[in-house]
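**Q** One structure is given below, represented as structure tokens, and several questions about it will come after.
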Amino acid sequence: MLSRIAKMKALFTLVLLMLTQTSASAQETRGGRLRDPFACLNIPAHLSPREIRRTLKSLLQGRGSEDAVSYCRIAELMKRVGDTRAESFYEKAIAADDAEPAYELFYADYLRNFRGAKRPLFARAERHYYQALRKSKQLKDKASWDVEARGRIERGRIALYQEDGLPLFYRGSDASADDGYAEQPYLFFSTTYRNARLTTDFESVDDARALTSEALFTSSRQRLNRALTADELEGIVREKGQFETYNRLRFRYRHLPAFDVFYKHRKINVAQITNFFAPNRFNDFRMNEVGFAVEKSFSALRHADVFLRGTYQKTFRKGLIEFLPERREEVNHFEARGAVSHFVGPDKVTLEAVYVFQDINPDIPNPPKRERRIAAATLTYQVFRPLPFLQSVYGKRFETRGLHLSGGAVRDTESFGGVDLRKRDYFFGAALRGLGRFDLSIQPTFFSASVTGDASQSHRHYRTNANLLYRIKDEEEELTVPEGATGLRMAFLHLVVPFKHDVALRGPAAFENVNVGAGLDAKFFSLGPRRTTFLASFRYNHQRFHNLRKNLNLYSLSLSMGF
């Protein structure tokens, strides 16, 4: 009975799509334009992947009309089942109605939002957004949907360049240059300012492990050779006031790889124990860093998307050498990062890997050999098929929602002469994006550390990390930008509630803690000739180390132009 109902439902859907397709093809009017290209987006949200494949098979076998709307609808259906042949049908839709900008827009949105491994297929998306803009400017007979199409083109272009920052220089494009918006930016400036009071550094997430490592080294036979007192343990837990500035120039030109040049300055107060014979005395940390990076996102044979990035940076830092906090270290940092993604039915799987090598040169007599190697991999499975409790993935223009599953590992080995400090992370998690206005994520993580030749310094922790996000203003509520609009507009405003709980599995339990907070994330974009995206974030966290009976009030603030 259920099988018969399912077949009737699929047959009804097929008939509905074909009737709509025939109706659309009958709407061809003066100048060869097909009316209402947005009709190809009207696909029932309840269709299962099996029903879509069955519908596609029937449409491909019995296609009678070959108009732009029908080609576009086939592309949209293919998108919903991860069929990369969607590209060719978007291109056929464009060829069938070459004057219509909306088909260029739909193709550009697909390349930006659904394709690409960790980054959109940038160069191709850029080309189709500007083709859409050119065609929009050349229209003589305005239709009712042209205002929406133009607004979505402008909003899509802003989203495409949002990570790049402030456009500095432009090159001519194929679009008619009757205003500055038709020119394509190729050089950008991005800047970020961060200020915080935390128990760890900005990028670090393993404060319980770091504090435990400090305590165990202090009590080891190389230093005090005794257990630490409660006051000494409590004193190791400190609030690190810190700030950072990061500035970047990015060059993008057509299909060439993007090229970055950057500078970073960081200061952290009470960052490091100066002398592990006196564990509650600290010194500050200073760092200046310059570097460059090259990255490229591309499609490989239309079956997989690939992202590659290589980075070199030179770091000058003070404050990490025990006993000699004013001595400088120079670090040559080499980093290779790559990702590959592929559709598995309607879902998307992405494998990301990174390898880092650091050659560390301390400015001290007869320094030990110092180097650090980090290797990490993450596998992400994004469930895009319809789920009854989540918003539809395919109505979105700025981010993909759905169920995201992930897992990975990190191996970090730092050498101090003949002694290695080994750190290992193993994590897995799930994120529900689109529970109405809410997102919910949870990520269990196992942290461990060991030192060669000293089993007493080995320890292991488990962390439960969860985040609840509420969209006060949802970016999807405004898909267009009014033509001629200027000023600063808010894209989204999110309330975030982070939570983490650290538990010791091996080693001392002194630094077990609970951390809960609240914060706001906001994104803005400016309108006018130099369209730029800004991010602002504020967090307050209360962290309690219950075994030490110590409470900390922490915060972080971030402002960035580009990101």
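The values are calculated or read from the model by the stated rules, or taken from the named source; none is laboratory data. This one's a predicted model, so the numbers in the text were calculated from it and none came from an experiment. Virtual Cβ from ideal backbone geometry, glycine too; neighbours counted across all protein chains shown. Remember, those area values only see protein heavy atoms, side chains included, never the ligands or the DNA or RNA. Shrake-Rupley method; radii C 1.70, N 1.55, O 1.52, S 1.80 Å.
**Q** With respect to Thr199, determine if the residue is open to solvent by 30 Å² or more (accessible area, probe 1.4 Å) and more than 27 Å from Gly453 (Cα to Cα). Don't jump to the end; show me each part of the working.
**A** On the way: open to solvent by 30 Å² or more (accessible area, probe 1.4 Å): no; more than 27 Å from Gly453 (Cα to Cα): yes.
Answer is no for this residue.
**Q** Are any residues in the range 224-265 more than 27 Å from Glu512 (Cα to Cα), out of contact with any helix residue (DSSP H, G or I) (no Cβ under 8 Å at 6 or more places or on another chain) and open to solvent by less than 20 Å² (accessible area, probe 1.4 Å), and if so, which ones?
**A** Answer for the range 224-265, where residues must be more than 27 Å from Glu512 (Cα to Cα), out of contact with any helix residue (DSSP H, G or I) (no Cβ under 8 Å at 6 or more places or on another chain) and open to solvent by less than 20 Å² (accessible area, probe 1.4 Å): Glu244, Arg248, Arg250, Asp260, Phe262.
**Q** Now for a different question. Looking only at the range 473-496, count every residue that is touching a residue at least 24 places away in the same chain (Cβ under 8 Å) and not in a loop (DSSP other than H, G, I, E, B) and tell me the total.
**A** Within the range 473-496, the first condition is being touching a residue at least 24 places away in the same chain (Cβ under 8 Å), and the residues that meet it are 474-476, 478-483, 485-496.
Retained after the next criterion (residues that are not in a loop (DSSP other than H, G, I, E, B)): 475-476, 487-496.
Qualifying residue count for the region: 12.
**Q** Can you report the number of residues in the range 443-466 which are of a type outside the set (Ser, Thr, Tyr) and crowded, with 16+ Cβ neighbours inside 10 Å?
**A** 11
**Q** Moving on. Arg302 passes all but one of (1) modelled with pLDDT under 95; (2) on the phi < 0 side of the Ramachandran plot; which number fails?
**A** (2)
**Q** Then there is this: Buried (at least 16 other Cβ atoms within 10 Å of the Cβ), out of contact with any Pro (no Cβ under 7 Å at 6 or more places or on another chain) and at pLDDT 85 or above: which single residue out of Ser25, Ser70 fits that description?
**A** Numbers: Ser25 fails: at pLDDT 85 or above.
Testing whether each residue is buried (at least 16 other Cβ atoms within 10 Å of the Cβ), out of contact with any Pro (no Cβ under 7 Å at 6 or more places or on another chain) and at pLDDT 85 or above leaves just Ser70.
**Q** Of the residues that make up the range 178-193, is at least one at pLDDT below 95, in contact with a Gly (Cβ under 8 Å, 6 or more places away or on another chain) and open to solvent by 30 Å² or more (accessible area, probe 1.4 Å)?
**A** yes
**Q** Okay, next question. Hey, among Tyr110, Tyr170, which residue is free of Cβ contacts under 8 Å to residues at least 40 places away in the same chain, touching a helix residue (DSSP H, G or I) at 6+ places or on another chain (Cβ under 7 Å) and aromatic (Phe, Trp, Tyr)?
**A** On the way: Tyr170 fails: touching a helix residue (DSSP H, G or I) at 6+ places or on another chain (Cβ under 7 Å).
Within the list Tyr110, Tyr170, the selection yields Tyr110.
**Q** Next up: Quick one: in the range 73-101, of everything that is among the hydroxyl-bearing types (Ser, Thr, Tyr) and under 23 Å from Pro386 (Cβ atoms), which residue is surrounded by the most Cβ atoms within 10 Å (Cβ to Cβ)?
**A** In the first step, residues of the range 73-101 are kept if they are among the hydroxyl-bearing types (Ser, Thr, Tyr); the result is 84, 88, 90.
Of the ones still in play, those that are also under 23 Å from Pro386 (Cβ atoms) are 84, 90.
On the way: Thr84: 17, Tyr90: 26.
So the residue we want is Tyr90.
**Q** Can you tell me which residues in the range 522-563 are more than 30 Å from Leu168 (Cβ to Cβ), out of contact with any helix residue (DSSP H, G or I) (no Cβ under 7 Å at 6 or more places or on another chain) and outside any strand (DSSP E or B)? Steps first, answer last, please.
**A** Residues of the range 522-563 more than 30 Å from Leu168 (Cβ to Cβ): 539-555.
Now restrict to residues that are out of contact with any helix residue (DSSP H, G or I) (no Cβ under 7 Å at 6 or more places or on another chain): 539-547, 549, 551-555.
Matches in the range 522-563: His546, Asn547, Arg549.
To keep it simple, each residue is scored yes or no on (1) open to solvent by 40 Å² or more (accessible area, probe 1.4 Å); (2) farther than 30 Å from Leu47 by Cα; (3) over 18 Å from the mean Cα position of the chain (by Cα).
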{"position": "Ala353", "(1), (2), (3)": "yes, yes, no"}
{"position": "Pro367", "(1), (2), (3)": "yes, yes, yes"}
{"position": "Leu379", "(1), (2), (3)": "yes, no, no"}
{"position": "Pro388", "(1), (2), (3)": "yes, no, yes"}
{"position": "Gly395", "(1), (2), (3)": "yes, no, yes"}
{"position": "Leu403", "(1), (2), (3)": "no, no, no"}
{"position": "Phe416", "(1), (2), (3)": "yes, yes, yes"}
{"position": "Arg424", "(1), (2), (3)": "no, yes, yes"}
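**Q** Looking only at the range 61-109, count how many residues are aliphatic (A, V, I, L, M) and more than 29 Å from the chain's Cα centre (by Cα).
**A** So in the range 61-109, the residues aliphatic (A, V, I, L, M) come out as 68-69, 74-75, 77-78, 81, 86, 93-96, 99, 102, 105, 108.
Remaining after also requiring more than 29 Å from the chain's Cα centre (by Cα): 68-69, 74, 93-96, 99.
Residues that pass the stated criteria total 8.
**Q** Right, next: Report the residue count in the range 114-128 for those that are under 13 Å from Arg157 (Cα atoms) and out of contact with any Gly (no Cβ under 9 Å at 6 or more places or on another chain). Walk me through it before giving the result.
**A** From the range 114-128, those under 13 Å from Arg157 (Cα atoms) are 120, 122-128; that's our starting set.
Narrowing the set further to residues that are out of contact with any Gly (no Cβ under 9 Å at 6 or more places or on another chain) leaves 120, 123-124, 126-128.
Going through the range 114-128 one residue at a time, the tally reaches 6.
**Q** So, one more: Filter the range 498-509 for residues that are under 18 Å from Tyr540 (Cα atoms) and open to solvent by less than 60 Å² (accessible area, probe 1.4 Å) and give the result. Break it down stepwise before answering.
**A** Let us first name the residues in the range 498-509 that are under 18 Å from Tyr540 (Cα atoms), namely 498-501.
Within the range 498-509, Pro498, Lys500 meet the criteria.
**Q** For Leu320, state whether it is in contact with a strand residue (DSSP E or B) (Cβ under 8 Å, 6 or more places away or on another chain), hydrophobic (A, V, I, L, M, F, W, C), more than 26 Å from Leu469 (Cα to Cα) and in a strand (DSSP E or B).
**A** On the way: in contact with a strand residue (DSSP E or B) (Cβ under 8 Å, 6 or more places away or on another chain): yes; hydrophobic (A, V, I, L, M, F, W, C): yes; more than 26 Å from Leu469 (Cα to Cα): yes; in a strand (DSSP E or B): no.
It is false that Leu320 is in contact with a strand residue (DSSP E or B) (Cβ under 8 Å, 6 or more places away or on another chain), hydrophobic (A, V, I, L, M, F, W, C), more than 26 Å from Leu469 (Cα to Cα) and in a strand (DSSP E or B).
**Q** If you scan the range 301-321, which residues turn out to be charged (D, E, K, R), touching a Ser or Thr at 6+ places or on another chain (Cβ under 7 Å) and surrounded by fewer than 18 Cβ atoms within 10 Å (Cβ to Cβ)? Quick ask: steps written out before the conclusion?
**A** To start, the set of residues in the range 301-321 that are charged (D, E, K, R) comprises 302, 305, 309, 314, 317-318.
Adding the requirement that they be touching a Ser or Thr at 6+ places or on another chain (Cβ under 7 Å) leaves 302, 305.
Answer for the range 301-321, where residues must be charged (D, E, K, R), touching a Ser or Thr at 6+ places or on another chain (Cβ under 7 Å) and surrounded by fewer than 18 Cβ atoms within 10 Å (Cβ to Cβ): just Arg302.
**Q** So, in the range 133-171, of the ones that are at pLDDT below 95 and among the hydroxyl-bearing types (Ser, Thr, Tyr), which residue ends up least open to solvent (accessible area, probe 1.4 Å)?
**A** Ser136
**Q** Can you tell me which residues in the range 533-547 are touching a Leu at 6+ places or on another chain (Cβ under 6 Å) and open to solvent by 20 Å² or more (accessible area, probe 1.4 Å)? Don't jump to the end; show me each part of the working.
**A** Step one: filter the range 533-547 for residues touching a Leu at 6+ places or on another chain (Cβ under 6 Å), giving 536, 538, 541, 543.
Residues satisfying the conditions are Ala536, Phe538, Asn541.
**Q** Out of the residues in the range 510-532 that are closer than 30 Å to Gln184 by Cα and aromatic (Phe, Trp, Tyr), which is most open to solvent (accessible area, probe 1.4 Å)? Talk me through it step by step, then tell me what you get.
**A** First, pick out the residues of the range 510-532 that are closer than 30 Å to Gln184 by Cα: 521-532.
If we keep only those that are aromatic (Phe, Trp, Tyr) too, we end up with 524-525.
On the way: Phe524: 57, Phe525: 5 Å².
Ranking the qualifying residues of the range 510-532, first place goes to Phe524.
**Q** Pick out the one residue from Phe334, Phe298, Phe292 that is open to solvent by 30 Å² or more (accessible area, probe 1.4 Å), in a strand (DSSP E or B), within 30 Å of Arg401 (Cβ to Cβ) and not charged (D, E, K, R).
**A** On the way: Phe334 fails: within 30 Å of Arg401 (Cβ to Cβ); Phe292 fails: within 30 Å of Arg401 (Cβ to Cβ).
After applying the criteria, what remains is Phe298.
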